[in-house]
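Novice: Here's a structure for you.
The values are calculated or read from the model by the stated rules, or taken from the named source; none is laboratory data. Note that this is a predicted model, so its numbers are computed, not measured. Please note: Cβ atoms are built from the backbone with ideal geometry, for glycine as well, and neighbour counts cover all protein chains shown. These area figures cover heavy atoms from the full protein model, side chains too; ligands, DNA and RNA do not enter into them. Shrake-Rupley method; radii C 1.70, N 1.55, O 1.52, S 1.80 Å.
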Amino acid sequence: MTARTKTLLARLSAAALTAASLALPAFAADKQLTIYTYESFTSEWGPGPKVKEAFEKTCNCTVNYVAVADGVALLSRLKLEGSSSKADIVLGLDTNLTDEAKATGLFEASGVDTAALKVPGDFRDDTFVPYDYGHFAVIYDTQTIKNPPQSLKDLVEGDPAQKIAIQDPRTSTPGLGLLLWVKSVYGDKAPEAWAKLKNRVLTVTPGWSEAYGLFTKGEAPMVLSYVTSPAYHMVEEKTDRYQAAAFSEGHYIQIEVAGMLKNAHDKDLARSFLSFMVSPGFQDIIPTTNWMMPVADTSSPLPDAFGKLVKPTKTFLMSPEEVAKNRKAWVDEWLAAMSLN
Amino acid sequence: MSDDKPHIHMDNVRLDRGGQTFHIDVRMSGSITAVAGASGSGKTTFLHLIAGFETPRSGRILLTGKDVTDLHPADRPVSLVFQDNNLFAHLDIARNVGLGINPSLRLTAEDERRIDEALARTGLAGYGGRLPGTLSGGERQRAAFARALVRKRPYLLLDEPFAALDPGLRLAMGDLLRELQAETGVMVVMVTHLPDEVERLAERVVFLARGTVVASGPTDEILRRGMLPEIDAFMG
Amino acid sequence: MLTAREKRLSIAGGSIALAGIVLFAAIASVALLEAGWPSENTGIFDAYMRRVLAFTLVQAVLSAAISVALAIPFARALARQPAFPGRIWLVRLLALPLGLPVITGALGILTVWGRNGWANEILRMLGLSEPISIYGLSGILLAHVFFNFPLAARLMLAGLERLPGEYWLLASNLGLGPISIFRHIEWPEIRRQIPGIAGLILMLAATSFTLVLLLGGGPAATTLEVAIYQALRFDFDPQRAVSLAIVQILLTALLLMLLSWTRGKDPEGFSLHTTSMRPDGKTTAKRCLDGALLLSGTVFILLPLSAIVVSGLEADYLKLLSDGLFWRAAATSLAIALPAGALAVLIAGMIISGRLAILADPKASAPLLAGARLAPATASLILLFPPTVLGTGWFLIAGPANVDSVAPVLIMLINGLMAFPFVLRILEPAMTTHRHRTGRLAASLGITGWDRWRLIDWPGLRKPFAMALSFATALSIGDLGVVALFGSDSLVTLPWLLYSRMGSYRTADAAGIALILAILCLLLTVAGAKGDTERHRHVG
């Protein structure tokens, strides 16, 4: 048996033991805080584990996560459970969902002062507290694309042979983001823009993961993602290959928020978590785990990679009410334009 | 033997099958030859060698003096009847018999007449339009004989053809076989595990044990007690 | 041929299983409809929905037709060559694609057929600059054929191998050519199977979601399943989701009925043994032709699989395998998939037993007979019920407080139900044949009840049961399905972990998990196909 296999075996058995112990419920502290969130937040690479550790140090409580697929699933789950939900905190909705979330009547004002937060697009809300944000951007592969589009107009009117993978606004939040971005820039002319862009669209995937998978596989040289995506490749993979294209018109923003429920078991604890969320203890963790921008100061400067990221000159953000009111009509408009032959 | 009457020569044939090594060297002729032996002795394989489903590792198989060792089963002058499943379940009896005349079932009026004749000869007149599933086991075997009749091949190989039938029917079918043999002059090689069937029908016997011919000759000479322990065991 | 008691028990069991399935779907639907969320119900049959409907049906019919058309020559060639090195692995391979998580298979397909895939690279080397693009209907069909054609071939092969061995020997002795053999022996058997196989593929393709969006190129390619997903997840309009699901079931059921009219007669010939001898496949020309056919089919299946292996090899397995979460996910996956597979086998076994008991009874009443004929197809329609709709309905009934304890059971139940129609296709012919072969004999010897199961049924049916169980387990293990709805920290499965890694940029890890899942599925099919190696030897 080689030394290498020996270490492997040792690590495997250690892992098996960890697995066994993880299966046992934790009864470390009396106070419990249940957070509903999306799955990539709690994955071992995500901010979840570190956030749990950091908050538990200060609160003398236990943090439990319930993770569902994404922000949309989060809202569905909440609607299904209604007032009997076990959730104290819901973390991971974005501003396109907050209007509907409020309409459930399940949320309570946060009481957190958000005036000092640095969120582009001037998002203000007394119920939902932002914890990070990211501008949508077209990410391109520098090995294939030598002249990236400089504007949304460039993207719409560019060479149809250079393809982009986008997400479906009917099933995903980035897809909806692009829809709103185009609407913000083109207004009533959005259908015409989509009809042109359609020729550059390789395919429309159900979610972000599939589109990004196509992109990193080399199937599409461009993908709709976030301005911060290149930071991941620079920090974790030490490569500058994937870059965001800066668009002269500006970028649409996605702001992720959290809120507390009226039926929270321990409202003080829930409120203290929301305050913790905008403190350096939480904000330090966000950039290199969630790969989004922090909304408040971090205790140390961000990694160099973040300094190299595109800095949008202008931010687009529609109000939650406007989105809620028009989403269906705009999606139908998109469907019609994209289905033209 | 070099005349035109059917005769079989298995010349030093060797074959490995199912962990068993077969070594067969035998000459056969006459009206009805029984292939006997305990189960597992290689009776079916013996028949498959003649029919062409098995190709020997070495040695030759000659039918009427002609080397058929490398011939495809369809090109050998033999007809076959198994214990069961001789008829395709979804084709009616007439068409099952017709396959013996033309494999594509392109049948002329003359062919139809021959089919009717063969069915009448085997006691199945009027059964032509029925499906095999509606016939009894004995009737299905008669239909298989009818097909052998219209094929007119000089050799008829039977693998336990009456094993699925009850004793009374078995006797009647044996008689039919003898009559058909006498009328057509076909050489019958029949695998069986029943001593009384051998005695009643076969002119000659080839006795197999462990893949080898241990005795071969006229029935009354071979089926005698005290000749070989295997034969005693077979006689029960 | 059964005792009165056995007959009663079989019929009761089958009825309970069937009622259980129908109720499981009906209760979930009612719970959703009754829940009282406002519905926008903007007309289900507007122009957009009519287009979606048309596209759903067209692509499903084409997927089924192409898969079946390709499976016929492949299965024939495979049956005609019963012995060649690696054959057993080829047979095992056929059960693999459907067990893969959809996204894994899709990325594998794109590695081969995509814009920058291997096929286009070869074309470029040959001097063709414009890459062929599969996005659109062709891509959807390609993917559906990749996932379903192997299954179709596998089921047809089983059918051909069940034919009495004497058929092939007789055909050869009578000098039937390949066309006559096809017409008189193979086609009647294949035709009998087509409605079942094509129906299965039709249902899978009609409910296809990820593949349709990913490879469809745009919203012109939208299935009803996408609309259901949108209604339930994004619009949160459960009533609309349920209505769409019912439309989907009715329409597809209509297609399936049309299909069942083409079904041929049940076979009446059953052999006591099947030989592995195919004299008609022994000529050099046939061997070459079959070889070429099998090779091209195998390459078609293997290329995307090897793409999965290639990208899976980039993962850091030392890190992956030393991760406690990975082992927990693997354990959870197995803990859900194995009982789900067992459940699928149990339901299928009960329904088939009940059906056989009724069909074998000459005095059975007309409604009972009609029920027995329709039961398998009706129960199979569960495949058209979107798991998210089932899951959401039962989620409501269970109540949020109990989700953590109820979720694993629900996921297991839903996975079992979704695997059940496949199990039915595997078990039904085997059980019918077995009953024909042994029914009379067992009855004449007075072997009944437990003795009959122990001495006759179990030894005779062990292999098909093992195959069905392993296949159902493989299907469940690769399914993300409803886990996403019930997600919690205590319920992480391998496909969930795979998506989770993809969702946080860890594509190499995701590829590693995909490869492990593929290997797991292969191991399962190896375990299930073990019986195939032990052929009957007929030495008499």
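Novice: Can you find a residue that is of a type outside the set (Asp, Glu), facing another protein chain (nearest Cβ under 10 Å) and in contact with a Phe, Trp or Tyr (Cβ under 8 Å, 6 or more places away or on another chain) anywhere in the range A:84-93?
Specialist: yes
Novice: Something else: Filter the range A:140-154 down to the residues that are over 15 Å from A:ALA165 (Cβ atoms), assigned to a loop (DSSP other than H, G, I, E, B) and open to solvent by 30 Å² or more (accessible area, probe 1.4 Å) and list them by number.
Specialist: Matches in the range A:140-154: A:THR142, A:GLN143, A:LYS146, A:ASN147, A:GLN150.
Residue-wise test of (1) within 12 Å of chain C (Cβ to nearest Cβ); (2) surrounded by 13 or more Cβ atoms within 10 Å (Cβ to Cβ).
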residue	(1), (2)
A:PRO287	no, yes
A:TRP291	yes, yes
A:VAL295	no, yes
A:THR298	no, yes
A:PRO301	no, no
A:GLY307	no, no
A:THR315	no, yes
A:ALA329	yes, no
A:ALA337	yes, yes
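Novice: Let me ask another. What tally of residues in the range B:139-159 results from selecting those that are within 10 Å of another protein chain (Cβ to nearest Cβ), open to solvent by 40 Å² or more (accessible area, probe 1.4 Å) and either under 11 Å from B:VAL188 (Cα atoms) or under 11 Å from the mean Cα position of the chain (by Cα) (or both)?
Specialist: Summing the residues that are within 10 Å of another protein chain (Cβ to nearest Cβ), open to solvent by 40 Å² or more (accessible area, probe 1.4 Å) and either under 11 Å from B:VAL188 (Cα atoms) or under 11 Å from the mean Cα position of the chain (by Cα) (or both) in the range B:139-159 gives 1.
Novice: If the requirement is being in contact with a Leu (Cβ under 7 Å, 6 or more places away or on another chain), facing another protein chain (nearest Cβ under 9 Å), buried (at least 22 other Cβ atoms within 10 Å of the Cβ) and closer than 25 Å to A:GLU333 by Cβ, which of these qualifies: C:ALA227, C:ALA241, C:ALA231?
Specialist: C:ALA227
Novice: For C:ALA220, state whether it is farther than 30 Å from B:SER79 by Cα and open to solvent by 20 Å² or more (accessible area, probe 1.4 Å). Please lay out each step first, then the result.
Specialist: Working: farther than 30 Å from B:SER79 by Cα: yes; open to solvent by 20 Å² or more (accessible area, probe 1.4 Å): yes.
So C:ALA220 passes the test.
Novice: Oh, and also: What helices (runs of 4 or more DSSP H) lie completely within the range C:165-268 and have 3 or more residues being farther than 30 Å from A:LEU74 by Cβ?
Specialist: Qualifying helices (runs of 4 or more DSSP H): C:165-173, C:178-181, C:187-206, C:238-261.
Novice: Mind counting the residues in the range B:85-136 that are assigned to a helix (DSSP H, G or I) and open to solvent by 30 Å² or more (accessible area, probe 1.4 Å)?
Specialist: Final tally of qualifying residues: 12.
Residues checked against (1) modelled with pLDDT of 90 or more; (2) in a strand (DSSP E or B); (3) under 19 Å from B:ASN86 (Cα atoms):
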{"position": "B:LEU165", "(1), (2), (3)": "no, no, yes"}
{"position": "B:GLY168", "(1), (2), (3)": "no, no, no"}
{"position": "B:GLY174", "(1), (2), (3)": "yes, no, yes"}
{"position": "B:ALA182", "(1), (2), (3)": "yes, no, no"}
{"position": "B:VAL188", "(1), (2), (3)": "yes, yes, yes"}
{"position": "B:GLU199", "(1), (2), (3)": "yes, no, no"}
{"position": "B:VAL214", "(1), (2), (3)": "yes, yes, no"}
{"position": "B:GLY217", "(1), (2), (3)": "yes, yes, no"}
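Novice: Examine the range A:109-132 for a residue that is open to solvent by 10 Å² or more (accessible area, probe 1.4 Å) and not in a loop (DSSP other than H, G, I, E, B), and state whether such a residue exists.
Specialist: no
Novice: Say we look at the range C:244-272 and pick out the residues that are touching a Gly at 6+ places or on another chain (Cβ under 7 Å) and open to solvent by 20 Å² or more (accessible area, probe 1.4 Å); which of these is modelled with the highest pLDDT?
Specialist: Here the answer is C:LEU256.
Novice: Tell me, yes or no, whether the range C:285-292 has at least one residue that is outside any helix (DSSP H, G or I) and not aliphatic (A, V, I, L, M).
Specialist: Restricting attention to the range C:285-292, the residues satisfying the condition of being outside any helix (DSSP H, G or I) are none.
No - not one qualifying residue is present in the range C:285-292.
Novice: Determine which member of the set C:ARG92, C:ARG87, C:ARG76 is more than 16 Å from the chain's Cα centre (by Cα) and crowded, with 18+ Cβ neighbours inside 10 Å.
Specialist: When all the criteria are applied, what remains is C:ARG76.
Novice: Report, by residue number, each residue of the range C:339-384 that is of a type in the set (S, T, N, Q) and under 13 Å from C:PRO421 (Cβ atoms). Give the steps one after another, and end with the answer.
Specialist: Here is the first cut: in the range C:339-384, the residues of a type in the set (S, T, N, Q) are C:353, C:365, C:378, C:380.
Within the range C:339-384, C:THR378, C:SER380 qualify.
Novice: Does the range C:121-139 contain at least one residue that is within 14 Å of chain B (Cβ to nearest Cβ), of a type in the set (Gly, Ala, Ser) and surrounded by fewer than 24 Cβ atoms within 10 Å (Cβ to Cβ)?
Specialist: Checking the range C:121-139: not a single residue is within 14 Å of chain B (Cβ to nearest Cβ), of a type in the set (Gly, Ala, Ser) and surrounded by fewer than 24 Cβ atoms within 10 Å (Cβ to Cβ).
Novice: Which condition from (1) within 21 Å of the chain's Cα centre (by Cα); (2) buried (at least 18 other Cβ atoms within 10 Å of the Cβ) is the one that B:PRO77 breaks?
Specialist: Single failed check for B:PRO77: (2).
Novice: Could you please let me know if B:HIS48 is away from chain C (no Cβ under 14 Å) and modelled with pLDDT of 85 or more? Working first, answer last.
Specialist: Working: away from chain C (no Cβ under 14 Å): no; modelled with pLDDT of 85 or more: yes.
Criteria not met by B:HIS48.
Novice: When you go through (1) in contact (Cβ under 8 Å) with a residue 24 or more places away in the chain; (2) more than 11 Å from chain C (Cβ to nearest Cβ); (3) open to solvent by 50 Å² or more (accessible area, probe 1.4 Å) one by one for A:ASP268, which number turns out not to apply?
Specialist: In the conditions (1) in contact (Cβ under 8 Å) with a residue 24 or more places away in the chain; (2) more than 11 Å from chain C (Cβ to nearest Cβ); (3) open to solvent by 50 Å² or more (accessible area, probe 1.4 Å), A:ASP268 misses (1) alone.
Novice: Go through (1) open to solvent by 10 Å² or more (accessible area, probe 1.4 Å); (2) closer than 17 Å to C:PHE24 by Cβ; (3) modelled with pLDDT under 85; (4) within 14 Å of chain A (Cβ to nearest Cβ) one by one and return the number of the condition C:PHE395 breaks.
Specialist: C:PHE395 satisfies every listed condition except (1).
Novice: Then there's this: State which residue is nearest to the other protein chains (Cβ to nearest Cβ) when the search covers only the range B:80-92 and only residues that are more than 12 Å from the chain's Cα centre (by Cα) and hydrophobic (A, V, I, L, M, F, W, C).
Specialist: My answer is B:ALA89.
Novice: A follow-up question, please. Out of the residues in the range A:50-83 that are among the small types (Gly, Ala, Ser) and more than 7 Å from every other protein chain (Cβ to nearest Cβ), which is most open to solvent (accessible area, probe 1.4 Å)?
Specialist: A:SER83
Novice: Determine, yes or no, whether A:PHE276 is open to solvent by 20 Å² or more (accessible area, probe 1.4 Å), within 22 Å of the chain's Cα centre (by Cα) and farther than 22 Å from A:GLN243 by Cβ.
Specialist: Considered against the rule, which asks whether it is open to solvent by 20 Å² or more (accessible area, probe 1.4 Å), within 22 Å of the chain's Cα centre (by Cα) and farther than 22 Å from A:GLN243 by Cβ, A:PHE276 comes out as yes.
Novice: I've got another one for you. Could you please find all residues in the range A:114-159 being touching a strand residue (DSSP E or B) at 6+ places or on another chain (Cβ under 9 Å) and basic (Lys, Arg)?
Specialist: The one that is touching a strand residue (DSSP E or B) at 6+ places or on another chain (Cβ under 9 Å) and basic (Lys, Arg): A:LYS118.
Novice: Just checking, which of C:ALA472, C:ALA407 is crowded, with 22+ Cβ neighbours inside 10 Å and touching a Phe, Trp or Tyr at 6+ places or on another chain (Cβ under 6 Å)?
Specialist: Working: C:ALA472 fails: touching a Phe, Trp or Tyr at 6+ places or on another chain (Cβ under 6 Å).
After ruling out the rest, the residue left standing is C:ALA407.
Novice: Now, a different point. Hey, any hits in the range B:93-111 for a residue that's touching a Pro at 6+ places or on another chain (Cβ under 9 Å) and facing chain C (nearest Cβ under 9 Å)?
Specialist: For the range B:93-111, residues touching a Pro at 6+ places or on another chain (Cβ under 9 Å) and facing chain C (nearest Cβ under 9 Å): absent.
Novice: Filtering the range A:167-218 down to residues that are open to solvent by 10 Å² or more (accessible area, probe 1.4 Å) and among the acidic types (Asp, Glu), which residue is modelled with the lowest pLDDT?
Specialist: Among those that are open to solvent by 10 Å² or more (accessible area, probe 1.4 Å) and among the acidic types (Asp, Glu), it is A:GLU210.
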